[in-house]
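Here the structure is laid out as structure tokens; the discussion comes afterwards.
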Amino acid sequence: MSKRFYLTTAIDYLNGVPHLGHAYEKIVTDVIARARRSLGQEVFFLTGLDEHGQKVQQAAQAEGKEPQAYCDELAAVWKAFAAKLNLTNDDFIRTTEPRHKTVVQGFLDKLHAQGDFYKEPYEGWYSAKEETFLTDKDRRPDGTFDPSYGEVVKLVEENWYFRMGRHQQWLIEHIEANPEFIVPDYRRNEVLGFLKHSTLADLCISRPAARLSWGIPLPFDREFVNYVWFDALTNYISAAASHGDPVVCAALGREAEISNLQSQISLWPADLHVIGKDIIKFHAVYWPIMLKAMGLPLPKQVLAHGFWQKEGAKISKSTGNLVDPMAVIEEWGVDAFRFYVVRELDLGPDGNWTDAGFAARYQAELANGLGNLVNRSLSMLKRYRGGILAAPHAELQPDAEQAVAQTRRHLEANELQAALLAIWGLVNRANQYVDQTAPFKLAKDPAQAARLDQVLYNLAETCRVLAVLLWPFLPATSAKIYAQLGLAGEPANFTSAAWGGLGEGHLIGEPAPLFPRKDTPAKAA
Ligand code: ME8
């Protein structure tokens, strides 16, 4: 059983419908998953939903529904959304599933038995309206709390805490010794700065069930449910356990039970957690500590992406400043959406969605760039040669090989935006080649018949190479290019980007526009 390349996304709170930020994270993770598969690795891609805790309980209450019924209804929407994005996730975990709850409870039991937890009263200011404890930092300059908190009272509450102190030093050393552990490097520096300049407070891992019932009960104290972040982070190993991962099952003492599974998949340690910058502390501080306490190896990498704004302002339900990914996909197609978010925003910095920018990229790079190249190349082959290729010719081979090598290098380093730039280098070169060689003129001169054959071969073969390179990013488009070339199957194997795949006498299929032109002013969302 060889270990898979195991990559995960954050699991989204189930308190609304998916927005641009959720879609972005899932798409970049899918591109990485597809790229690894194309490059020959065995991959396991996990995504899912974070269904417990106050946010979800309140959202259910607001709709007058039982939390479980609320989650079941909405989870169906999110699963359909994952399919709409064309994600190739191998599993979809929900934290309300029994397979997850048993692992969380096993985890809690083991740490409790080891003495990692203690119970203590906490005294603080409490807002019943917001169901949250407040500190002096939450006071306004005049010393009062914001009226949005309602009445704020002194409250004493007992809770369970996870001892953090002994973990601070080794974690600093681990992050320093493994520069790849947190990327980009400015996020690593942020985490190191935090760890070096403050004392890690013990983590409260419970909420009294009397106050918040929507959670996983602590197995050793039923008066409490588990803090939602402890619960949520555990999804990465509960999914692995449910597939019989030997490392996780051994740590949980579940070897016997798991050995009955039909098939076992080796997953842990995770190779890559893809998350947003706002939850880096949970993934790069608390999660490694939880794993270390459990006796499990740490994930190889935590990659924190940036945040999207729309038209320069925060994405927000309350102000209505939203990008509705479903609406964009309906209007422009899923590949146009996948393309824009990966092309526009490198992995790391923050980005800004603009409707005009979306329409401009669609027009210039997809319709006039890739779409026009494929359509005119194949249409000319059809018109001048009945769709039949002449002998292979290698004029564009060096350009294609350069793009293939650059794309491979960037995909291996998860440099997705740079990979797209390399691919578009070839798109632009091939469009320039059409203009320079002018096959429409060659076709008028019988003495140039052999030259026309060469040009048409170079163009068709470049389209084929592009389909292979594009597959992780624009899978539907790349499948269409393959079909229009008269090739069977999906271009899902990077090695087939080698020049010369199309043979003499090959008959292509029917050319059709890949990206219909939009003549009306753009309305992206
Ligand atoms: O944080 N731009 O869930 P969530 C880019 N359940 N990414 C964004 C974004 C934006 N505007 N807004 C949110 C949670 N995200 C927890 C995770 S994991 C064990 C538990 C990203 O629904 C965000 O950074 O608030 C996170 O990675 C993901 O969307 C889910 O956010």
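The values are calculated or read from the model by the stated rules, or taken from the named source; none is laboratory data. These numbers were taken from a predicted model, which means no experiment stands behind them. Cβ atoms come from the backbone with ideal geometry, glycine included; neighbour counts cover every protein chain shown. Areas reflect the complete protein model, heavy atoms only, side chains present, ligands, DNA and RNA absent. Shrake-Rupley method; radii C 1.70, N 1.55, O 1.52, S 1.80 Å.
Structure notes:
- Any hit, region 42-53, residues being crowded, with 23+ Cβ neighbours inside 10 Å and of a type in the set (S, T, N, Q): yes
- Total residues in region 208-222 satisfying the condition of being within 21 Å of residue 126 (Cβ to Cβ) and assigned to a loop (DSSP other than H, G, I, E, B): the figure is 7.
- Qualifying residue in region 425-436 (condition: over 27 Å from residue 411 (Cβ atoms) and open to solvent by 10 Å² or more (accessible area, probe 1.4 Å)): yes
- Yes/no for residue 363 being among the polar types (S, T, N, Q), open to solvent by 10 Å² or more (accessible area, probe 1.4 Å) and at pLDDT 95 or above: yes
- Residue check for residue 44: in contact with a His (Cβ under 9 Å, 6 or more places away or on another chain), under 24 Å from residue 412 (Cβ atoms) and modelled with pLDDT of 95 or more: yes
- Enumeration of residues in region 474-507 that are open to solvent by 40 Å² or more (accessible area, probe 1.4 Å), free of Cβ contacts under 8 Å to residues at least 60 places away in the same chain, at negative phi and part of a loop (DSSP other than H, G, I, E, B): 487, 488, 490, 501
- Checking each residue in region 427-455 for being hydroxyl-bearing (Ser, Thr, Tyr) and under 39 Å from the mean Cα position of the chain (by Cα) picks out only 433.
- Among the residues of region 23-66, those that are closer than 17 Å to residue 131 by Cβ, within 15 Å of the ligand (Cβ to nearest atom) and part of a helix (DSSP H, G or I) comprise 54, 55, 56, 57, 58, 59.
- Residue match in region 464-473 (condition: in a loop (DSSP other than H, G, I, E, B) and at positive phi): no
- For region 295-310, taking the residues that are more than 7 Å from the ligand (Cβ to nearest atom) and either outside any strand (DSSP E or B) or without any contact (Cβ under 8 Å) to a residue 12 or more places away in the chain (or both), the one that is surrounded by the most Cβ atoms within 10 Å (Cβ to Cβ) is identified as 299.
- Residues in region 201-225 that are surrounded by fewer than 18 Cβ atoms within 10 Å (Cβ to Cβ), under 25 Å from residue 113 (Cα atoms) and not acidic (Asp, Glu): 201, 204, 208, 209, 210, 213, 219, 220, 222.
- Against the conditions (1) open to solvent by 10 Å² or more (accessible area, probe 1.4 Å); (2) within 16 Å of the ligand (Cβ to nearest atom); (3) closer than 22 Å to residue 28 by Cα, residue 239 satisfies every one except (1).
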